[in-house]
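Chemist: Structure incoming, see below.
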Amino acid sequence: MNEQIRAREVRLVGPEGEQVGIVPLERALQLAADVDLDLVEVAPMARPPVCKLMDFGKFKYESALKAREARRNQQQTVIKEMKLRPKIDPHDYETKKGHVVRFLKAGDKVKVTIMFRGREQSRPELGYRLLRRLESEISELGYVEAAPKQDGRNMIMVLAPHRATKAAAVAATATRGGPRERDAEGAPAGEPAAAGDTGTVADNSGE
């Protein structure tokens, strides 16, 4: 910036983004002084380097504001877990699908686990069909981030909210006055944290 620039000539950009052209460094510094602005090197690797006339103090302040706003709007990624049996009762399935829909609408990812027991382990296609059914029924809200995969006695699939779904969740959170309150253990208020896994909530209702 200013006298710290070592190039003999620079490609100068005006305060409104207008192209001034290649000028000697001394000329660029004089132009900066004439309008009470700083000469800031914005592309030092270019030949010649690109410099812009700007109020560097104001630029730093506005950049800090934007970074603070981005951090404030950033949502912590939370992974919920929903466990199902391959021969789940239709009513229980609808209840758990409702939980998945609610999680996705809140902007959270969902780890869906099909638990096989006994002879069910020889029928993995039952779990696969159930996961594919769930995928199709929530497709307007989310998509499959991790395809169904057998993991021992379980089959796991991870769902994630669409960008529009997550944006709506962020907007709703901002309207309510900020991020969801979290208890001392890091889980959203009113939701238990899964043992040994902060940020992941297991919903085992109906089992």
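Chemist: Return a yes/no flag: does region 81-91 have any residue that is under 30 Å from Tyr143 (Cα atoms), over 24 Å from the mean Cα position of the chain (by Cα), in the same structural domain as Thr173 (by TED's automatic domain parsing) and part of a helix (DSSP H, G or I).
Modeler: yes
Chemist: On the given criteria, is Lys97 surrounded by fewer than 14 Cβ atoms within 10 Å (Cβ to Cβ) and among the basic types (Lys, Arg)?
Modeler: Against the criterion (surrounded by fewer than 14 Cβ atoms within 10 Å (Cβ to Cβ) and among the basic types (Lys, Arg)), Lys97 does not qualify.
This table checks each residue for (1) at negative phi; (2) of a type outside the set (S, T, N, Q); (3) buried (at least 16 other Cβ atoms within 10 Å of the Cβ); (4) at pLDDT 90 or above.
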site	(1), (2), (3), (4)
Val144	yes, yes, yes, yes
Asp151	yes, yes, no, no
Ala168	yes, yes, yes, no
Gly178	no, yes, no, no
Asp183	yes, yes, no, no
Ala187	yes, yes, yes, no
Thr200	yes, no, yes, no
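Chemist: Also: Could you figure out which of (1) of a type in the set (Asp, Glu); (2) under 30 Å from Gln150 (Cβ atoms); (3) not assigned by TED's automatic domain parsing to the domain that holds Ile138 isn't true of Glu18?
Modeler: (2)
Chemist: Please go through region 108-132 and give me each residue that is hydrophobic (A, V, I, L, M, F, W, C) and assigned to a loop (DSSP other than H, G, I, E, B), ordered by number. Outline the logic, then answer.
Modeler: The first filter runs over region 108-132 and keeps only residues hydrophobic (A, V, I, L, M, F, W, C), leaving 110, 112, 114-116, 126, 130-131.
Phe116, the sole residue that qualifies.
Chemist: Look at region 13-60 and say how many of its residues are among the aromatic types (Phe, Trp, Tyr) and at pLDDT 90 or above.
Modeler: First, pick out the residues of region 13-60 that are among the aromatic types (Phe, Trp, Tyr): 56, 59.
Next cut, at pLDDT 90 or above only: none.
Matching residues across region 13-60 total 0.
Chemist: Now for a separate question. Suppose the filter is outside the structural domain of Pro148 (by TED's automatic domain parsing), modelled with pLDDT under 95 and of a type in the set (Gly, Ala, Ser); does Gly107 pass it?
Modeler: no
Chemist: Also, I was wondering about something else. Look through Lys52, Lys87, Lys97 and report the one residue that is over 30 Å from Glu3 (Cβ atoms) and touching a strand residue (DSSP E or B) at 6+ places or on another chain (Cβ under 9 Å).
Modeler: Lys97
Chemist: Can you find a residue in region 41-52 that is closer than 18 Å to Glu16 by Cα and either surrounded by fewer than 12 Cβ atoms within 10 Å (Cβ to Cβ) or of a type in the set (Gly, Ala, Ser) (or both)?
Modeler: As a first pass, look at region 41-52 and keep what is closer than 18 Å to Glu16 by Cα: 41-43, 50-52.
When the remaining residues are screened for being either surrounded by fewer than 12 Cβ atoms within 10 Å (Cβ to Cβ) or of a type in the set (Gly, Ala, Ser) (or both), the result is 43.
Yes.
Chemist: Let me ask something else. Are any residues in region 59-80 among the basic types (Lys, Arg) and either in the same structural domain as Arg133 (by TED's automatic domain parsing) or part of a strand (DSSP E or B) (or both), and if so, which ones?
Modeler: First, the residues of region 59-80 that are among the basic types (Lys, Arg): 60, 66, 68, 71-72, 80.
Lys80 - this is the single residue of region 59-80 that is among the basic types (Lys, Arg) and either in the same structural domain as Arg133 (by TED's automatic domain parsing) or part of a strand (DSSP E or B) (or both).
The values are calculated or read from the model by the stated rules, or taken from the named source; none is laboratory data. Just so it is clear, the model here is predicted, and its values are computed rather than measured. We place every Cβ from the backbone using ideal geometry, glycine too, and count neighbours over all the protein chains shown.
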